[in-house]
1. Nearest 10 degrees is fine. How inclined is helix 52-89 to the longest principal axis of the chain, computing both from alpha carbons?
2. In whole Hz and in residue order, list the ³J(HN,Hα) couplings for the range 162-178 that follow from phi through the Karplus curve 6.51 cos²θ - 1.76 cosθ + 1.60, θ = phi - 60°; x for Gly and Pro.
3. Taking 0.36 nm per intervening residue step and subtracting the Cα-Cα distance, what contour gain separates Ala98 from Lys201 on full extension?
4. For the chain, what D do you get in µm² per second when you plug the Kirkwood radius from alpha-carbon pairs into Stokes-Einstein at 4 °C and 1.567 mPa s?
5. Order the peptides 168-178, 209-219 from the highest to the lowest mean number of other Cβ atoms within 10 Å of their residues.
6. Which order do the peptides 25-34, 150-159 take when ranked by the mean count of other beta-carbon atoms within 10 Å per residue, highest first?
7. Can you grab the distance from the C-alpha centre of the range 5-35 to the C-alpha centre of the range 115-151, Å, no decimals?
8. Working from Cα positions, state the angle (0 to 90°, nearest 10) between the long axis of helix 35-48 and the longest principal axis of the chain.
Amino acid sequence: MFVHNKRLMYTVRVAEPNPMLSSLLLEQFGGPQGELAAAMRYFSQALAESDPGRKDMLLDIATEELSHLEVIGSIICMMNKGVKGKLAEGTGEGELLAEITQGGESHTLSLLYGGGAALMNSGGAPWTAAYVDTIGEPTADLRSNIAAESRAKIIYERLINVTDDPGVKDALGFLMTREIAHQKSFEKALYAIEPNFPSGKLPGVPEFTNKYYNLSQGDGDALGPWNSGEAWETVNEFADQVAVDGGDGTATVKLSKAEEALVAVAADRTASDPNGDPMTGAELGAGPGSGLVDDEGVTKPRKQPKAGRK
Ligand code: MN
Ligand code: MN
């Protein structure tokens, strides 16, 4: 069950209203790297998790992310509190218009949501469950969680860099730091599973797990631990990069006689004639720049319009 405590996880001290900045903070309220996405990611993973340690961790962190959602949402609401009152009571039209149209999505936040924190990102795109990429396999989900935490940390860092309000900077610094802590927990949880690579149960096909296909060749070809050294067998020759199974590299399927006949009829009906060169609409209307030429190799001119009537 959930209970709610009226005290925030971190005290929110906003120095002054700032609808424009608040619309940027929406990125961490209803954006892909935001707190709602994080909370739903870990909450849905926790429900399906049967390992007691991981389940506990996921529920702890999911609940903390909801608490972060409350902090970031409260900052957004504090930044819009002045506007909210003015919009509700209808005072100072000209000044109010200027206040809610400073940029970002501040006007949407004000007009559509009355200065409340909306479940959208800083560009106005509504929150979507598509932000959660849970796949139900801990070694894959933990890796995704690690990446999600590092992305959330980066968004907080960028927000801190555009904020001059010390109280907001302070709270964002806390939220950013907690994402670092979460990443550490997920890393430990991943490596507490042995082995954890590759994800899942099936092993890779031995002859392909250590191959590095050098498929972008030319100036700039580079060597690094990701493609050279004892762990790798680099494949440079084109002949060794195609049909690597040793087959003929074509795609085939076994069809029934009836299916085969239908496919043949359709292919026959839509066959191209490589020897035909029919006149087309493009040529009929061709003019300079069309790239179309007549028998003498001269660009086919568009018919000149007749001179004006006498
Ligand atoms: Mn968080
Ligand atoms: Mn987190």
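Rule-based calculations on the coordinates, nothing more; no lab input. Not measured: the values here are computed from a predicted model. In this analysis, Cβ positions are derived from the backbone assuming ideal geometry, glycine residues included, and neighbour counts consider all displayed protein chains.
1. Taking Cα atoms only, the helix is inclined about 80 degrees.
2. Each residue of the range 162-178 in turn: 10, 10, 10, 6, x, x, 5, 3, 4, 5, 5, x, 5, 4, 4, 5, 5 Hz.
3. Details: separation 103, 0.36 × 103 = 37.08 nm, distance 5.92 nm.
Separation in residues times 0.36 nm, less the Cα-Cα distance, equals 31.2 nm.
4. Numbers: Rh = 25.9 Å.
Answer from the Stokes-Einstein relation: 50 µm²/s.
5. Details: 168-178: 18.9, 209-219: 10.4.
For the peptides 168-178, 209-219, the packing ranking is 168-178, 209-219.
6. Values: 25-34: 24.5, 150-159: 18.2.
With the highest mean Cβ count within 10 Å placed first, the list reads 25-34, 150-159.
7. 17
8. The angle comes out at about 80 degrees.
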